[in-house]
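Read through the structure below, which is laid out as structure tokens, and then see the notes.
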Amino acid sequence: MKIFDKENQSLVNQFDNINWIENTGISPEELKLSVDKLIKENYPKPILKAKIFGLILEKSRIAIDKDDIFQDKIFEGHKGDGTIVNLRYRWQSEVCKRFLSDEKNRVQEAYETGTYAANSDFGHTSPNSKLLLEIGFTGLLDRINAYYSKENLTNKQKTFYESCKITLESIISFINRLAKETKGINPENSKALYNIAKGKPSNIYEAMQLLIVYYFLHENIIGTRVRTLGRLDVMLYPFYKNDIASGRYSKAEIKEMIKFFFNKFWCAKIPFDLPICLGGIDEDGNEVTNELSYLLVETYNELNIHSPKIHIRVSDRTPEDFIKLVLKCIRGGNSSFVFLSDNAVVKSLVSVGIKEKDAMNYIPIGCYEPAVWGKEIGCTGNGGINLAKAVEFAVTNGVDLKSGKQISVKTGKIKTYEDFIAAVKKHIKFMAESGMEYIKKIERYYGEINPDPLLSCMYDRSVKTGIDVYEGGAEYNNTSYCFYFIASLVDSVCAVKRLVFKDKIVDFEQLCSILKSNWENNEKLRLLAKSIPEKYGNNNTEADAVTKDFTAYCSSLVNNKPNSRGGVFKASLYTIDHFVYYGEHTMATPDGRRAGEVLSKNLCATVGMDKNGVTALINSVTQINHSDFPNGSVLDIVLHPSAVMGEEGLCAMYGILKTYIKKGGMALHGNIFNPEDLKKAQEEPEKYKNLQVRVCGWNAYFINLSKAEQDCFIKQAYNSAV
């Protein structure tokens, strides 16, 4: 077994300048002509997609990474814009043009005005990777053939099974091609490839190679984002245990394999990072954390990378020393982890009709969106609404101030605080229902836009029924919708109550005029609005009551509302990185924010407004019923390095996490920052190239962020140091 060398440039740059082996396939020009010829044939879409996939895997050139122990590379066309991806874009464009032209224009206008987003979602897939490792591609093919041979199949079912059969046979053939080309370079790797081409993996090395082949074929050739590899310690532990017990591999050898495995995904520069999941309970309620869980974290931290990113599930029985191992990584600057509470997540999933046993086997997709592993197509990124825009619309009677367009409903004159709350809620309702209505309409055409034989053949119900997963073939076929910028909403509502209806400093019409003019000549009032004590995240009774009221209202608009694929909508409460874009399209808000400035992030307080420390922040955030947000909610925290030094500091971090979970919080991640270091990194970026920050649901290098994002982190860090 090779020893991993992170200084080896052929490993580091393996995706930058790929040396395609010329005699292993046809030229890119010939490949394009062959694909174009196929497209002109009158095949049903699932079969056309499968045949193009098969053509690429059979005829396209491959490359071998001579210094690596895993192989994956086949020429798919232009990087990030492959043939099958273009086909999906074309099919979606045709659907929108034929059936959704007016609706698409309205949604586009809503997004351009920073109001809401509503999209199809094929970018958050979750394969049944455990099943894949248990039976391999050949086992999946055997299942398809068994159902394909049944009598009385409909034409649609025949099309489904045929597309799956073509897809799986093509993958097996491709793996054999890789094995053949690797034989003279790395016989052990070649043997592993031959073995997984003819059956299920028999050891941890073959299991890792199988996951790599699957991932890059689905991500790069089919072009559907794979947003989790699944519960890696659950999947790989049986192989690990057997390999150690049999003496096939030592722990040191397996650690080297893990380095190559993680490095493969790191070097691929996967957008928003590739997630894996560790720890937590299984479907029988047993804690799964094992020796491999520790080894994976330790090895990952030694590599000093931020992709894959790691989701850590935390149950009541997750070992304290395992959690502290992860916390040490975060304290040391590797913050590409997020903790999720099994108690909160399971409760939330059950609330939208998922069986408890299934809910206990959830995985976080993408950033932190829970879904049932191998049974749910969650479509966890369908869009969401700008809660701060609801305040703008209450001020403008539904008009986007920047464009002058009537975007939302007219809510009339506001005379009382109750009128104001009612108006804000009407705008929230309008935005949520408008976005969800568009999503329901486009969902009806998912089968036309993006049939996915490879994903479908991993889902038991899809295989048994002969229905593609995107047409309702999964056990749970759900849809997401998100609410952004809760702190900005709460702070604005509290400011209106205090300035207009309680202290009567201005009347509502005057405040509207001031906001429309972006606080011009009203700096004293703006600073007063920023300084009032009723702020989200400060354990303030009045602000917390507003938070509870609005979050309960928002979730009621979404949860369990039927979608168009036989499932339901699931609400979420986070922002990821939208706080900059939507802030640019939102007028001045009553909390003292100027037009165009950033909005609040995830469940954080408005930047600089959490004045009472992390305990008060947690107390406020856990006033929210997190089970009302089954598609995820997350709190970001920032701590100063001086607060987490030594064993005492580690215990303090552990206490913060456990307190948040005990109080009902769902997900938590964070950064350990010295604000002065961030300021220096902003001023002298060339000296801080390796400074990582946890952005929202992924990590990035600080110097690569926009100035607006950098300024947010700097303000948060200074605030945490107070």
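So the values come out like this:
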item: Only one of 385, 363 that is in a strand (DSSP E or B), crowded, with 21+ Cβ neighbours inside 10 Å and more than 15 Å from the chain's Cα centre (by Cα); result: 385
item: Failed condition for residue 341, given (1) over 28 Å from residue 116 (Cβ atoms); (2) of a type in the set (S, T, N, Q); (3) surrounded by fewer than 24 Cβ atoms within 10 Å (Cβ to Cβ); result: (3)
item: Residue list for the range 230-240, filter: in contact with a helix residue (DSSP H, G or I) (Cβ under 8 Å, 6 or more places away or on another chain) and not in a loop (DSSP other than H, G, I, E, B); result: 231, 232, 233, 234, 235, 236, 237, 239, 240
item: Options 197, 207, 268, 252; residue that is over 21 Å from the mean Cα position of the chain (by Cα), small (Gly, Ala, Ser) and surrounded by fewer than 20 Cβ atoms within 10 Å (Cβ to Cβ); result: 252
item: Residue in the range 115-133 that is aliphatic (A, V, I, L, M), modelled with pLDDT of 95 or more and surrounded by fewer than 19 Cβ atoms within 10 Å (Cβ to Cβ) present; result: no
item: Residue 520 being of a type outside the set (S, T, N, Q), assigned to a helix (DSSP H, G or I) and surrounded by fewer than 17 Cβ atoms within 10 Å (Cβ to Cβ); result: no
item: The range 25-44, residues that are of a type outside the set (Gly, Ala, Ser) and in a helix (DSSP H, G or I); result: 28, 29, 30, 31, 32, 33, 35, 36, 37, 38, 39, 40
item: Within the range 95-194, helices (runs of 4 or more DSSP H) holding 1 or more residues that are of a type in the set (Ser, Thr, Tyr) and in contact (Cβ under 8 Å) with a residue 60 or more places away in the chain; result: 129-148, 155-182
item: Residue count, the range 1-24 (criterion: assigned to a loop (DSSP other than H, G, I, E, B), out of contact with any Phe, Trp or Tyr (no Cβ under 9 Å at 6 or more places or on another chain) and among the charged types (D, E, K, R)); result: 4
item: Test result for residue 356, surrounded by fewer than 22 Cβ atoms within 10 Å (Cβ to Cβ), over 28 Å from the mean Cα position of the chain (by Cα) and not β-branched (Val, Ile, Thr); result: no
item: Of residues in the range 270-322 being touching a Leu at 6+ places or on another chain (Cβ under 7 Å) and small (Gly, Ala, Ser), the one farthest from residue 359 (Cα to Cα); result: 307
item: Residue pairs meeting the criteria (Cβ under 7 Å; at least 6 apart or on separate chains; first touching a residue at least 12 places away in the same chain (Cβ under 8 Å) and under 9 Å from residue 327 (Cβ atoms), in the range 636-658; second part of a helix (DSSP H, G or I) and among the β-branched types (Val, Ile, Thr)); result: 654/323; 657/323
item: Hits in the range 220-239 - residues which are buried (at least 22 other Cβ atoms within 10 Å of the Cβ) and more than 30 Å from residue 86 (Cβ to Cβ); result: 231, 232, 233, 234, 235, 236, 239
item: Subset of the range 629-638 (residues that are touching a Ser or Thr at 6+ places or on another chain (Cβ under 6 Å) and either surrounded by fewer than 21 Cβ atoms within 10 Å (Cβ to Cβ) or closer than 20 Å to residue 333 by Cβ (or both)); result: 638
item: Residues (surrounded by 17 or more Cβ atoms within 10 Å (Cβ to Cβ) and among the polar types (S, T, N, Q)) located in the range 1-33; result: 14, 24
item: Given (1) touching a Pro at 6+ places or on another chain (Cβ under 6 Å); (2) closer than 17 Å to residue 477 by Cβ; (3) among the small types (Gly, Ala, Ser), index of the condition residue 348 fails; result: (2)
item: Qualifying positions in the range 45-87 - part of a helix (DSSP H, G or I), in contact with a Ser or Thr (Cβ under 9 Å, 6 or more places away or on another chain) and modelled with pLDDT under 95; result: 84, 85
item: Boolean, residue 621 is in contact with a helix residue (DSSP H, G or I) (Cβ under 9 Å, 6 or more places away or on another chain), surrounded by fewer than 23 Cβ atoms within 10 Å (Cβ to Cβ) and of a type in the set (A, V, I, L, M); result: no
item: Residues of the range 478-537 that turn out to be charged (D, E, K, R) and touching a residue at least 24 places away in the same chain (Cβ under 8 Å), as a count; result: 8
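Residue-by-condition table, conditions (1) over 30 Å from residue 371 (Cα atoms); (2) buried (at least 22 other Cβ atoms within 10 Å of the Cβ):
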site: 541; (1), (2): yes, no
site: 552; (1), (2): no, no
site: 555; (1), (2): no, yes
site: 566; (1), (2): no, no
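Table: residues versus (1) surrounded by fewer than 18 Cβ atoms within 10 Å (Cβ to Cβ); (2) over 19 Å from residue 455 (Cα atoms); (3) charged (D, E, K, R).
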residue: 40; (1), (2), (3): yes, yes, yes
residue: 44; (1), (2), (3): yes, no, no
residue: 51; (1), (2), (3): no, no, yes
residue: 59; (1), (2), (3): yes, yes, yes
residue: 63; (1), (2), (3): no, yes, no
residue: 71; (1), (2), (3): no, yes, no
residue: 76; (1), (2), (3): no, no, yes
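Residues checked against (1) within 22 Å of residue 620 (Cα to Cα); (2) touching a strand residue (DSSP E or B) at 6+ places or on another chain (Cβ under 9 Å); (3) at pLDDT 90 or above:
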{"site": "636", "(1), (2), (3)": "yes, yes, yes"}
{"site": "643", "(1), (2), (3)": "yes, yes, yes"}
{"site": "646", "(1), (2), (3)": "no, no, yes"}
{"site": "654", "(1), (2), (3)": "yes, no, yes"}
{"site": "659", "(1), (2), (3)": "yes, no, yes"}
{"site": "672", "(1), (2), (3)": "yes, yes, yes"}
{"site": "686", "(1), (2), (3)": "no, no, yes"}
{"site": "714", "(1), (2), (3)": "no, no, no"}
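The values are calculated or read from the model by the stated rules, or taken from the named source; none is laboratory data. As the structure is a prediction and not an experimental result, all values here were calculated from the model. Note that we place each Cβ from the backbone using ideal geometry, even for glycine, and neighbour counts take in every protein chain shown.
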